[in-house]
Amino acid sequence: MEVGKEAEQNTNTVRKALLIINCIILAIGNCAGPLMMRLYFIHGGKRVWFCSFLETVAWPIILLPIVCAYFNRSRTQPTSQNKLFFMKPYLFLAAAFIGILTGLDDYLYAYGVARLPVSTSSLIIASQLAFTAGFALVLVKQKFTSYSINAVFLLTIGAGVLAMHTSGEHPATESNREYVAGFLMTLAAAALYGFLLPLMELTYKKSKQEISYALVMEIQMVMCFFATGVCTIGMLVNNDFKAIPREAREYALGETNYYVIAICSAIIWQCFFLGAIGVIFCASSLLSGVIMAVLLPVTEILAVIFYHESFHAEKGVALALSLWGFLSYFYGEIKDSKKNIPVLQSEMTSVSDGQQSV
């Protein structure tokens with residue numbers, strides 16, 4: 001009993017540590033990714049498919065931790081049981097399908113960021129939580145409390161408030177029609193990614209093999225590989241590969257900075273995707289969506305500081321509703337966890353008494 005309890009505690013400790021690490025990685029990618037993408041566009045960048053490509057092209061970085069995990073296992077496992085890759089065909093096909101959809105989502109998001117201020121696009125993306133909640137209910141039977149329902153409702157209303165200001169903030173170089181198109185494309189990106197998060201969780205649950213964190217990294221690599229393939233096709237059709245050298249030479253911050261921004265963007269976005277699926281592995285797709293929404297105020301503040309973006313009344317109302325939603329969700333989670341502790345302790349006591357009587 002004690003040995004089993006200790007093993008379970010060790011497993012929970014490792015999972016909590018992984019969750020914290022993935023939350024940090026997700027925070028870096030979620031806050032810095034949109035800022036880097038907007039930096040590319042506001043100084044002369046115009047290639048939407050190229051920006052989409054940068055979101056997943058750094059997938060080879062994942063090979064490094066996979067190889068390190070392989071050599072670490074080599075010390076404790078027989079050579080016959082240790083493999084570099086554990087993914088089976090079913091999981092590979094599922095990851096490939098999600099990767100293709102991710103490539104499409106990358107384009108929708110990059111199109112929106114190209115035409116909207118970071119603060120506006122971030123608030124629209126906050127509506128992703130509502131889509132995540134809805135799809136999580138359908139796909140993985142996510143349980144909801146009054147607090148989580150309230151949070152989803154407030155976040156959805158907060159994003160909707162922005163629609164009242166779509167005509168007053170578009171850049172001078174773009175028409176109102178382009179601004180509205182950017183708004184709708186960003187909303188579509190939020191909806192699609194809101195579907196992809198629960199779909200990823202469903203893939204874990206329906207997998208015919210045990211899901212470890214090493215396998216999660218393999219899934220991430222396959223997803224990003226296929227997403228990059230979709231964006232590469234888009235770049236070829238749009239002649240981006242021919243246009244990039246010329247665009248780099250004409251870039252307002254200089255040719256060297258152009259490529260530095262591209263490389264940094266690719267690395268930062270890889271942090272976002274790895275952190276997102278890591279949180280799903282350690283907790284749930286809904287928590288992954290909530291964390292992305294929780295980071296909204298940080299992205300808002302950074303956009304105002306670095307890009308001097310306006311912060312009109314509608315944004316203030318949307319941000320207030322979003323913060324209210326965040327607080328509602330986490331208050332419900334804390335209250336629920338406190339409620340479950342006495343029940344868990346009672347169950348543990350009953351099990352222990354039963355074993356002693358035997």
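The values are calculated or read from the model by the stated rules, or taken from the named source; none is laboratory data. Here the structure is a predicted model, which means the values were calculated and not measured. Positions of Cβ are generated from backbone atoms using ideal geometry, with glycine treated the same way; all protein chains shown enter the neighbour counts. For the accessible areas, the whole protein counts, side chains as well, though only heavy atoms, and no ligand, DNA or RNA atoms are used. Shrake-Rupley method; radii C 1.70, N 1.55, O 1.52, S 1.80 Å.
Here the average projected area of the convex hull drawn through the C-alpha atoms of the stretch 218-290 stands at 6.3 nm². Highest average first, the peptides 287-299, 234-246 ordered by how many other beta carbon atoms sit within 10 Å of their residues are 287-299, 234-246. Accessible surface for the stretch 209-328, divided over its residues, is 41 Å² per residue with a 1.4 Å probe.
For the stretch 60-156, the calculated P(r), taken from all Cα-Cα distances in 5 Å bins from zero up to the bin holding the longest distance, is 2, 10, 11, 13, 13, 13, 13, 11, 8, 4, 1 percent. When peptides 119-125, 317-323, 218-224 are ranked by their average number of other Cβ atoms within 10 Å per residue, the highest-first order is 119-125, 218-224, 317-323.
Full extension of the chain segment joining residue 146 with residue 97 gains 14.2 nm, where the gain is 0.36 nm per residue of separation less the Cα-Cα distance.
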